[in-house]
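Heads up, the thing below is written out as structure tokens.
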Amino acid sequence: MTPNSDTRGLPRQTGLMVELPGQCSLACAYCYAGRKGDKETGWAAFADRLNDLVGQLAGQENTGDGPLQFGVLGGIEPLSNFEALARTVEIVDEGMGNRECHRYIATSGYGTATQVNWLASRFDAVSVSLDGPQQVHNSQRRTGAGDPTHDSAQRAALIVKSWGGKLLIRSTITSMNVELLSGMVASFADTYEPVEIRFEPVYRLGVGNPLRPREGTFVKNFLKALEVSEKLGVRLVYPGFSVENGGRPFCNSLRGVVFLDGRGETGSCMFGEDVAPEGATSVLPEPSICLECPARNRCSRGCPDLCLWALKDPEKILFESWRCRVIRALAEALQLGRGSS
């Protein structure tokens, strides 16, 4: 996915997400990035743009609205290009100066124990990808050479756990583990004591892809897992939908987050859409079909990550979107009012 290059019209910039340049060491079954990149020719353009963006972010007036956000996620496994990761963090540290900044990274943990300890020492939150039981995880997350990765991910999670209060668990949900969500929550909570568990289902693979879970199956099992998480006192989230988010749509364009990809290209949206004007509450005007939806105030209408209305006739195509149906079903099941947007 190539982000759009236009950042005009953004609200005040609140954060920066980066995807490192380089070749990924993993070959996950559901990868959207295609293990792209070239670490030798990609770094210069990436570093120049990173310096500019960090300077812009840190140079804004401090309004006291909370720390700035910096994240490393998407694209390649960051430990695949540890040199670029270390240099990226150095640029951010130098550019931020005394500005308060919350640092987040997502990793599969496929690296050395020394590298994982380094992550825990430099980031406020480290999200380790674990896709469930060993057999399921290894069937979904293997190296480019075909080697399993569960043991390295488990080791990484335990290392980050030892640092206290930093560990998040991220699971990619497919048809292979969608029926296991409750057990995964219980196992993760008992073994790793994470601050948060995040379930991220694959849905952009096409209707006929066998790894794509059915919407209803995911909703049913997510709700059961949510009950387990509440009993165990661990936070469980599905990105793009949160009971605690106060009805705000999950949209980086609206939140003022800029995205920098591994080629040094920048934008406000990973999906190449035009940014929303300052003060807007949705990426595009909403069609009438959305007006009575219980998830109305939690949805970035027109976002291609949520609905297909951005591309086609809203009255015919909207509810063919995987995430649109999931968010609506969750809002109905949890009896959340639609409120106002």
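Values in this text are rule-based calculations from the coordinates and carry no lab data. Given the structure is predicted, the values throughout are model-derived calculations rather than measurements. Positions of Cβ are generated from backbone atoms using ideal geometry, with glycine treated the same way; all protein chains shown enter the neighbour counts.
Tell me, how many Å apart are the Cα centres for the range 84-152 and for the range 215-231?
Going from one Cα centre to the other spans 27 Å.
Taking the DSSP beta bridges in the range 15-260 as the whole, what percent of them are antiparallel, to the nearest 5?
Around 10 percent of the beta bridges assigned by DSSP in the range 15-260 are antiparallel ones.
Could you go through the range 55-60 in sequence order and give the Karplus-derived ³J(HN,Hα) for each residue, using 6.51 cos²θ - 1.76 cosθ + 1.60 with θ = phi - 60°, rounded to whole Hz, and x for Gly and Pro?
x, 5, 5, 6, x, 5
Using only the Cα atoms of the range 59-209, build the gyration tensor, take square roots of its eigenvalues as a ≥ b ≥ c, and label the shape rounded, prolate or oblate: rounded if a/c is under 1.5, else prolate if a/b is larger than b/c, else oblate. Write down the numbers at each step before the final one.
Numbers: a/c = 1.74, a/b = 1.66, b/c = 1.05.
It is prolate, given that a/c is not under 1.5 and a/b is the larger ratio.
Can you sort Val126, Val92, Val202 from fewest to most other Cβ atoms within 10 Å of each residue's own Cβ?
So the residues, fewest neighbours to most, are Val202, Val92, Val126.
What is the packing order of peptides 52-65, 170-183, taking the mean over residues of other C-beta atoms within 10 Å and listing the highest first?
Values: 52-65: 13.4, 170-183: 20.4.
Final packing ranking: 170-183, 52-65.
Counting only pairs 8 or more places apart or on different chains, how many lysine pairs in the range 15-260 have C-alpha atoms closer than 30 Å?
Pairs that pass both the separation and distance tests number 9.
Which whole-number percent gives the relative contact order of the range 15-260, counting Cα pairs below 8 Å spaced six or more residues apart?
Numbers: 424 pairs, mean separation 46.6, N = 246.
It comes to 19 percent, rounded to a whole number.
What is the fewest-to-most order of Ile91, Ile197 by other Cβ atoms lying within 10 Å of their Cβ?
Listed from fewest to most nearby Cβ atoms, that is Ile91, Ile197.
Tell me which residues come under 5 Å, amide H to amide H, from Gly262 once H is placed; ignore anything under 5 positions away on its chain.
Placed amide hydrogens put Glu19 under 5 Å from Gly262.
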